[in-house]
1. Scan the range 142-155 and tell me whether some residue there is among the small types (Gly, Ala, Ser) and in contact with a Phe, Trp or Tyr (Cβ under 7 Å, 6 or more places away or on another chain).
2. Could you tell me which of the residues Thr27, Thr68 is within 26 Å of Arg173 (Cα to Cα) and open to solvent by 10 Å² or more (accessible area, probe 1.4 Å)?
3. With the requirement that a residue be of a type in the set (Val, Ile, Thr), touching a residue at least 60 places away in the same chain (Cβ under 8 Å) and farther than 16 Å from Val137 by Cβ, what does the range 157-215 give you?
4. Please note which helices (runs of 4 or more DSSP H) are completely contained in the range 75-151 and include at least 2 residues that are more than 18 Å from the chain's Cα centre (by Cα) and at pLDDT 95 or above.
5. Being touching a helix residue (DSSP H, G or I) at 6+ places or on another chain (Cβ under 7 Å) and assigned to a helix (DSSP H, G or I) is the requirement here; does Leu28 meet it?
6. Does the range 47-59 hold any residues that are within 16 Å of the chain's Cα centre (by Cα) and open to solvent by 60 Å² or more (accessible area, probe 1.4 Å), and which are they?
7. Identify, by number, the condition in (1) open to solvent by 30 Å² or more (accessible area, probe 1.4 Å); (2) assigned to a helix (DSSP H, G or I) that Val193 doesn't meet.
8. So the check is Cβ under 6 Å with 6+ separation or different chains; which pairs have a first residue in the range 13-36 that's touching a residue at least 60 places away in the same chain (Cβ under 8 Å) and a second one that's part of a helix (DSSP H, G or I)?
Amino acid sequence: MTELILIRHGETDWNVEKRLQGHHDITLNAEGERQARALAQRLKCESFDAIYSSDLQRAYLTAQAIATACDKPIQKEAGLRERCFGIFEGFLHPELAQRYPDHYAALQRRDVDARYPRGEFECETLTEFNARSLECVARIAASGHRRALLVTHGGVLDCVYRRATGMALNLPRSFEVLNASLNHVTWEGDQVVILKWADIAHLAQGALDEIDQAQ
């Protein structure tokens with residue numbers, strides 16, 4: 001059995017503005033940097049075998065603060081990247097509703113096979129993204145670590161939560177996915193169990209949720 005500590009990256013300006021980030025390589029803002037330092041302080045006395053991070057800088061910079069405090073190397077994993085949203089990346093939701101009403105409607109209803117027009121990068125369907133991210137997390141879980149730390153993105157955390165609970169991909173999200181949160185699961189073969197979710201006790205000012213939670 002492997003315990004995984006999954007962390008969503010610290011806050012970015014695009015998080016605050018509620019812009020879709022996807023594969024766009026957005027850096028942390030000042031609050032995100034503070035959150036990364038708070039994570040490092042929280043985790044510096046914790047015991048874990050490895051640190052993995054998405055190669056996008058908002059995740060990697062969050063991981064770097066932790067790695068420095070804990071004197072651990074970081075292993076970059078492109079499989080831990082956020083979903084690629086194609087042409088949608090960089091836009092606000094109202095802008096998408098106006099420019100691409102049919103494709104945006106598919107996003108809103110969580111159509112698992114919808115592929116949005118290509119932007120700088122080719123869009124992944126939700127089904128493809130789920131398979132890619134869970135394959136990566138499962139591979140890390142099976143690599144012999146007793147306890148590993150993964151710094152990643154909201155979409156990956158969403159996939160892991162649904163994998164653990166059996167919640168279908170097309171259902172509206174009803175759980176929190178917070179910036180700089182700690183999310184503990186155990187992973188053993190096909191069994192994934194949530195131990196703790198959306199822990200932000202280390203943050204003084206709370207944290208932003210992903211923008212797709214059901215209201």
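The values are calculated or read from the model by the stated rules, or taken from the named source; none is laboratory data. Since the model is a prediction, treat every value here as computed from it, not as a measurement. Note: ideal-geometry Cβ built from the backbone for every residue, glycine included; neighbour counts use all protein chains shown. Surface accessibility is based on the protein's heavy atoms, side chains included, excluding ligands, DNA and RNA. Shrake-Rupley method; radii C 1.70, N 1.55, O 1.52, S 1.80 Å.
1. Yes, some residue in the range 142-155 is among the small types (Gly, Ala, Ser) and in contact with a Phe, Trp or Tyr (Cβ under 7 Å, 6 or more places away or on another chain).
2. Criteria check complete, one pass: Thr27.
3. Ile211
4. Values: elements: 93-99, 101-108, 126-141.
By residue number, 93-99, 101-108.
5. no
6. Here is the first cut: in the range 47-59, the residues within 16 Å of the chain's Cα centre (by Cα) are 51-59.
Result: Gln57, single match.
7. Of the numbered conditions (1) open to solvent by 30 Å² or more (accessible area, probe 1.4 Å); (2) assigned to a helix (DSSP H, G or I), the odd one out for Val193 is (2).
8. Leu20/Phe88; Gln21/Trp14; Ala36/Thr62; Ala36/Ala65
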